Amino acid sequence: MRTFSPFIKALAATSVALAAGLANAAISEDFSAGAGGWQAVDLPGSGSYGSVINPVPVTYFATGGSPGGYISASDPSSNSFYFDAPGAFLGNLGGYLGGTLAFDTYYTPNTAANAWRDDADVLIYSGSKILAWRADANPGADWTHVLATLGVGQGWRVGSINGGAATAADFSSVLG
């Protein structure tokens, strides 16, 4: 079972980390030696995330990140487009409740209409349970550091950004 797989919405990402209390080691990727198993995926759009429609090629850059290397991909459609976490970010991660998912991102929309405010910035899921989180604002064309606390009352919603507030039971289901 693929438990706790974060999808991160961006056209470029660097320095992805999942951190918790002292009992749990941080899980991180700094893209210093390649794409680290990350891939990009095209999902059905705006809240009906369902299954992956298409994998999307990821390009690795050894420099230019925040700091160091980064990955990038181009959105192939009008669907929802996310980076998909590799195996290191999967499994029973119940000990990370209250921890932080941190990443640096930027994107370069081709028009002002592509402001991506209709979708979540991060999706985490286990089986059919999806938790969605959206940052306060879109990142711009410069690197932006984003922090998402994994916990009740931290802006997580069930199913989509318009779903009900995530409960402790929802987090237990997805992280554990």
### Task
Order the peptides 51-57, 86-92 from the highest to the lowest mean number of other Cβ atoms within 10 Å of their residues.
86-92, 51-57
### Task
Would you pull out the residues with amide H under 5 Å of Ala40's amide H, same chain only if 5 or more places away, H placed 1.01 Å from N?
Val56, Val58, Asp84
### Query
Label points 7 Å out from Cα along the Cβ direction at Ser77 and Thr100: separation in nm?
3.6
### Point-to-point label distance, Ser51-Gln154, nm (Cα→Cβ direction, 7 Å offset)
3.1
#### Entry: Peptides ranked, highest mean first, by Cβ atoms within 10 Å: ranges 122-135, 159-172, 60-73
122-135, 60-73, 159-172
### Summary
For Ala33 and Leu90, extending 7 Å from Cα along the Cα-Cβ vector and measuring point to point gives, in nm, a value of 2.1
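A short reminder: the numbers here are calculations on the coordinates, not readings from a lab. None of the values given here were measured: they were computed from a predicted structure. Methodologically, a virtual Cβ is constructed for each residue, glycine included, from the backbone with ideal geometry; neighbour enumeration extends over all protein chains shown.
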